[in-house]
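Asker: Before we start, here is the structure in question, set down as C-alpha cells.
The values are calculated or read from the model by the stated rules, or taken from the named source; none is laboratory data. Everything numeric here is computed off the predicted structure, so don't read it as measured data. With ideal geometry, Cβ positions are generated from the backbone for all residues, glycine too; neighbour counts draw on all protein chains shown.
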Amino acid sequence: MRDRLIFTGQFIFTLFVAAFLVVPAGLSISAGVTVNYFRGIQSGVTLQWVAQVWELYAGTILLSFVIAFATLAVTLLAGVPAAYALHARGGRLARIVEEIITLPLAIPGLAIALALLLTYGSFGDFRRSWLFILVGHVIFTMPFMVRSVMAVFATVDIKTLDEGAASLGASPWRRFCDVIVPNALPGILAGALMVVTLSLGEFNLTWMLHTPLTKTLPIGLADSYASMRLEVASAYTLIFFVMIIPLLVAMQLLADRDNKR
Amino acid sequence: MSQRSFVWFCLLPLAVVTTAFFLLPMARLVVAGAEGPHGLAGYLAILTEGRYRATLINTVLLAAATTVVTLIVATIAGMFLQRHRFPGRAVLIAMLTFPLAFPGVVVGFMIILLAGRQGLIGDLSNRIFGEKLVFAYSIYGLFLGYLYFSIPRVILTIMAAVQKLDVGLEEAARSLGASPWAVQRDVVLPALAPAFVASGAIAFATAMGAFGTAFTLATNIDVLPMLIYTEFTLAANFATSAALSVGLGLITWLILALARTFSGSAVAAAG
C-alpha cells in the first residue's frame, strides 16, 4: 500500500516535470499553425505563418546549413587526425592538448566571442564574412569531435591494428586512411551529428559575431521573438524543431546501437 | 615520412586552428582587461564596484538556486525512471531529454509561452483567480528558463548513476531493519554524491554563463552575461567587458575543474 503511494507520487511528479518541458514546445508548434493564437486553435489552421517566415528568413536558414556543414568539414579535417595523434602519442603532452581544446566548453561563449572580436574585429573583410562565425563554431564544436573519436580509440585496440599494418609495410598515410578512419567511423559519425546539431543551434557566440548580412537561424529566431507577432515567432521555432529533431533521433539511435553491442 | 613525424603532422591543423582562433584571442582578452583607465585594477572592479558586485552576487545566487532545485527534481524523476518499468517509460524519458539541444533563445521563448503576456499560466490564473500572472520577464522567469535547460542534462547523469548502484547494499540495509527513508539517506544518496557533484557543477556553470535565455527574456534582469553584453555593445566599454568576461570564464572553469577532481569524470558545460 505504502509502496503503491510512493510509486504514484513519484509518477505524478515525473509527469509534471515532463509536462513543464513538453507543454511549451507543444504550444509553440500549435501557435505556429494557428490563424490567431489569442483566439485559439478554433480560429483555424494555416501555413501562412510558415510561409511568411520562409519569405523573411529563408536566408538565415540557408546560412545556418552552410555554416554547420563548413564547421563539420573543418572539425573532420582537423579533429580526426588530431584525435589519432593524441591517442598514438599519449602522455603528458596529449593530456595538455586535450585540456586546452576542451576549454571552450568551460568558458562562456560570450567571452570567446569577445576575445575573437578584440583580436580580429579590425580585419574588416574577415569580420564581415560568414567565415568569422565559422571560426567561432569550429572552436566551440571541436572538442566534441576529438573526444568522440578518441572514445572509440579507447575501446578498439587501434595500436595493434596500426602496428600490424605497419609491419606489412603500409605507409603511415595509407594506414590512416585504410585502418584508422574505418575503425573510428562510429565515433566520427556521433561526433559529426553533435557538431551539426550544436552549430545549427549556436547563439551565444554567433550573436556577438554576426553582422546584419550574416544572420544565422538562431539570430533570426531572437529577432523574431523581439519584433514579430507570436504566430510568426512560433512558426519559425517550428521550422527549427523540424530541422533539429531528426538529428536528435539519429543521435539516440546511434547511442542505443552502441549500448547493445 | 616516419611514424613520428606523421603523428606530428596529424596534430598540425588542430594546433594551428586552436592557436590562431582560441589561444591568441584569449590572451588578447586577458590583456584587454587591463587596458582600461585603471589598468590591472580593472580586474578588481568586479568585486569593488557596487553595481558589478551586486550583479555577481545576483548571478551566483540564481545559479545556485537553479542547481539545488534541478538536482532535487532530477533525482526524484531520474530515480523513478531508472527503478521502475512501465508502459510509456521510453516516451517519458524522450520527453524529459529532448530539450537538450534547444539553444538558450528557444528556451527563453518557451518561458514566454508559459509565463509571458499571452502565456498559459497567465491564461489559467486569469480564469481561476481573475488575475493574470505574468513573470516571464523577471528573475523568476529566468530561473524557470535555467531549470528548463538544466533538468534534461542532470536527469541523464542521475539515471546513469542510479543504474550503476549496487542494489545488494540497499537490500542488506533493509534486511538489517533500516526504514525506507534511512536507506535513501544513508545508502542511496551518498552513493550518488559523485553524480550530484558532476551534474551540479555543469548546471551551475551553465547557469552562470547562459546568455541566450537572459537575452530573450530580459527587459531588466541583472546577470553577469547581460552586464558584459551591455558594457560591450551599448557602453563600448571594452576593458571592463573583457575583465568581466575573464572573471566569469575563470569562475565557470574553476567550478568544473574542481568538480572533475572530486568526481573523477569529465565534466563540461554548454549552452
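Asker: Looking at A:170, A:154 in this structure, which one is part of a loop (DSSP other than H, G, I, E, B) and either small (Gly, Ala, Ser) or at pLDDT below 95 (or both)? Lay out the reasoning, then the answer.
Answerer: Details: A:154 fails: part of a loop (DSSP other than H, G, I, E, B).
A:170 is the lone residue from the list that is part of a loop (DSSP other than H, G, I, E, B) and either small (Gly, Ala, Ser) or at pLDDT below 95 (or both).
Asker: Residue check: is residue A:64 touching a Leu at 6+ places or on another chain (Cβ under 6 Å) and more than 30 Å from residue B:258 (Cβ to Cβ)? Break it down into steps so the answer makes sense when it comes.
Answerer: Working: touching a Leu at 6+ places or on another chain (Cβ under 6 Å): yes; more than 30 Å from residue B:258 (Cβ to Cβ): yes.
Here the answer is yes, as residue A:64 does meet what is asked.
Asker: Checking residue B:212 against (1) over 23 Å from residue A:13 (Cα atoms); (2) out of contact with any Pro (no Cβ under 8 Å at 6 or more places or on another chain), which test does it fail?
Answerer: So the condition that residue B:212 fails would be (2).
Asker: Moving on to the next point. Can you find even one residue in the stretch A:151-160 that is touching a strand residue (DSSP E or B) at 6+ places or on another chain (Cβ under 7 Å) and surrounded by fewer than 23 Cβ atoms within 10 Å (Cβ to Cβ)?
Answerer: First pass over the stretch A:151-160, keeping only residues touching a strand residue (DSSP E or B) at 6+ places or on another chain (Cβ under 7 Å): none.
There is no residue in the stretch A:151-160 that is touching a strand residue (DSSP E or B) at 6+ places or on another chain (Cβ under 7 Å) and surrounded by fewer than 23 Cβ atoms within 10 Å (Cβ to Cβ).
Asker: Oh, and also: Which ones in the stretch B:113-127 are at the interface with chain A (Cβ under 7 Å from one of its Cβ atoms) and either assigned to a helix (DSSP H, G or I) or in contact (Cβ under 8 Å) with a residue 12 or more places away in the chain (or both)? Outline the logic, then answer.
Answerer: The initial filter retains those residues of the stretch B:113-127 that are at the interface with chain A (Cβ under 7 Å from one of its Cβ atoms), namely B:113-114, B:118, B:120.
Within the stretch B:113-127, B:113, B:114, B:120 qualify.
Asker: Additional query: Does at least one position in the stretch B:80-96 carry a residue that is more than 13 Å from chain A (Cβ to nearest Cβ) and closer than 17 Å to residue B:199 by Cβ? Reasoning before the result, please.
Answerer: Quick first cut of the stretch B:80-96, residues more than 13 Å from chain A (Cβ to nearest Cβ) only: none.
Looking through the stretch B:80-96, none of the residues is more than 13 Å from chain A (Cβ to nearest Cβ) and closer than 17 Å to residue B:199 by Cβ.
Conditions tested, residue by residue: (1) more than 14 Å from every other protein chain (Cβ to nearest Cβ); (2) surrounded by fewer than 21 Cβ atoms within 10 Å (Cβ to Cβ); (3) within 23 Å of residue A:103 (Cβ to Cβ); (4) at pLDDT 85 or above.
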| position | (1), (2), (3), (4) |
| --- | --- |
| B:6 | no, yes, no, yes |
| B:18 | no, no, yes, yes |
| B:33 | no, no, yes, yes |
| B:38 | yes, yes, no, no |
| B:54 | yes, yes, no, yes |
| B:64 | yes, yes, no, yes |
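Asker: Note down all Cβ pairs under 6 Å where the first residue falls in the stretch A:167-178 and is surrounded by 12 or more Cβ atoms within 10 Å (Cβ to Cβ), the second is small (Gly, Ala, Ser) and assigned to a helix (DSSP H, G or I), and they're at least six residues apart or on different chains.
Answerer: What qualifies is A:175/A:165.
Asker: Kindly indicate whether any position in the stretch B:69-82 is surrounded by fewer than 16 Cβ atoms within 10 Å (Cβ to Cβ) and either over 15 Å from residue B:157 (Cα atoms) or not assigned by TED's automatic domain parsing to the domain that holds residue B:144 (or both).
Answerer: Pass one, the stretch B:69-82, residues surrounded by fewer than 16 Cβ atoms within 10 Å (Cβ to Cβ): B:72.
Okay, now just the ones that are also either over 15 Å from residue B:157 (Cα atoms) or not assigned by TED's automatic domain parsing to the domain that holds residue B:144 (or both), so none.
The answer is no, given that none of the residues of the stretch B:69-82 is surrounded by fewer than 16 Cβ atoms within 10 Å (Cβ to Cβ) and either over 15 Å from residue B:157 (Cα atoms) or not assigned by TED's automatic domain parsing to the domain that holds residue B:144 (or both).
Asker: Within the stretch A:92-105, track down each residue that is more than 17 Å from residue A:138 (Cβ to Cβ) and either in contact with a Ser or Thr (Cβ under 9 Å, 6 or more places away or on another chain) or of a type in the set (D, E, K, R) (or both). Break it down into steps so the answer makes sense when it comes.
Answerer: So in the stretch A:92-105, the residues more than 17 Å from residue A:138 (Cβ to Cβ) come out as A:92-96, A:99.
Within the stretch A:92-105, A:92, A:95, A:99 qualify.
Asker: If we only count helices (runs of 4 or more DSSP H) wholly inside the stretch B:152-222, which ones have 1 or more residues that are under 27 Å from residue B:101 (Cβ atoms) and either of a type in the set (Phe, Trp, Tyr) or in contact (Cβ under 8 Å) with a residue 24 or more places away in the chain (or both)? Write out each step before concluding.
Answerer: Numbers: elements: B:167-175, B:180-183, B:189-209, B:212-217.
Of the helices (runs of 4 or more DSSP H) lying wholly inside the stretch B:152-222, those with at least 1 residues that are under 27 Å from residue B:101 (Cβ atoms) and either of a type in the set (Phe, Trp, Tyr) or in contact (Cβ under 8 Å) with a residue 24 or more places away in the chain (or both) span B:189-209, B:212-217.
Asker: Out of (1) of a type in the set (D, E, K, R); (2) more than 10 Å from chain B (Cβ to nearest Cβ); (3) in contact with a Pro (Cβ under 8 Å, 6 or more places away or on another chain); (4) closer than 30 Å to residue A:55 by Cα, the odd one out for residue A:215 is which?
Answerer: (3) is the only condition that residue A:215 fails.
Asker: Could you tell me which of the residues A:158, A:244, A:180 is away from chain B (no Cβ under 12 Å) and in contact with a Phe, Trp or Tyr (Cβ under 9 Å, 6 or more places away or on another chain)?
Answerer: Working: A:244 fails: away from chain B (no Cβ under 12 Å); A:180 fails: away from chain B (no Cβ under 12 Å).
From the options A:158, A:244, A:180, the qualifying one is A:158.
Asker: Based on what the data block shows, is residue A:229 farther than 30 Å from residue A:37 by Cβ, of a type in the set (Lys, Arg) and within 11 Å of chain B (Cβ to nearest Cβ)? Step through it out loud before you land on a result.
Answerer: On the way: farther than 30 Å from residue A:37 by Cβ: no; of a type in the set (Lys, Arg): yes; within 11 Å of chain B (Cβ to nearest Cβ): yes.
Answer is no for this residue.
Asker: Tell me yes or no: at least one residue of the stretch A:33-42 is more than 10 Å from chain B (Cβ to nearest Cβ), within 22 Å of residue B:124 (Cα to Cα), in a helix (DSSP H, G or I) and under 24 Å from the mean Cα position of the chain (by Cα).
Answerer: No, the conditions are met nowhere in the stretch A:33-42.
Asker: Being within 30 Å of residue A:49 (Cα to Cα), crowded, with 22+ Cβ neighbours inside 10 Å and in contact with a strand residue (DSSP E or B) (Cβ under 9 Å, 6 or more places away or on another chain) is true for just one of A:231, A:202. Which residue is that?
Answerer: Numbers: A:202 fails: in contact with a strand residue (DSSP E or B) (Cβ under 9 Å, 6 or more places away or on another chain).
A:231 is the lone residue from the list that is within 30 Å of residue A:49 (Cα to Cα), crowded, with 22+ Cβ neighbours inside 10 Å and in contact with a strand residue (DSSP E or B) (Cβ under 9 Å, 6 or more places away or on another chain).
Asker: Please indicate, with yes or no, whether at least one residue in the stretch A:103-120 is of a type outside the set (Phe, Trp, Tyr), surrounded by fewer than 23 Cβ atoms within 10 Å (Cβ to Cβ), touching an Asp or Glu at 6+ places or on another chain (Cβ under 8 Å) and part of a helix (DSSP H, G or I).
Answerer: no
Asker: Looking at the stretch A:138-147, can you tell me whether even one residue there is surrounded by fewer than 18 Cβ atoms within 10 Å (Cβ to Cβ) and outside any loop (DSSP other than H, G, I, E, B)? So that I can check it myself, show each step before the final result.
Answerer: Looking only at the stretch A:138-147, we keep the residues that are surrounded by fewer than 18 Cβ atoms within 10 Å (Cβ to Cβ), and these are none.
The answer is no; no qualifying residue exists.
Asker: A follow-up question, please. Just checking, which of A:59, A:26, A:9 is within 13 Å of chain B (Cβ to nearest Cβ), assigned to a helix (DSSP H, G or I) and within 25 Å of residue B:108 (Cβ to Cβ)? Please lay out each step first, then the result.
Answerer: Values: A:59 fails: within 13 Å of chain B (Cβ to nearest Cβ); A:9 fails: within 25 Å of residue B:108 (Cβ to Cβ).
The unique qualifying residue is A:26.
Asker: In addition: Where residues in the stretch A:67-91 are assigned to a helix (DSSP H, G or I) and at pLDDT below 90, which of them is farthest from the other protein chains (Cβ to nearest Cβ)?
Answerer: Quick first cut of the stretch A:67-91, residues assigned to a helix (DSSP H, G or I) only: A:67-89, A:91.
Filter once more, so that each one left must be at pLDDT below 90: A:88-89, A:91.
On the way: A:88: 5, A:89: 5, A:91: 12 Å.
Filtering first and then ranking leaves A:91.
Asker: What's the number of the condition residue B:1 fails, among (1) in the same structural domain as residue B:231 (by TED's automatic domain parsing); (2) at pLDDT below 95?
Answerer: (1) is the only condition that residue B:1 fails.
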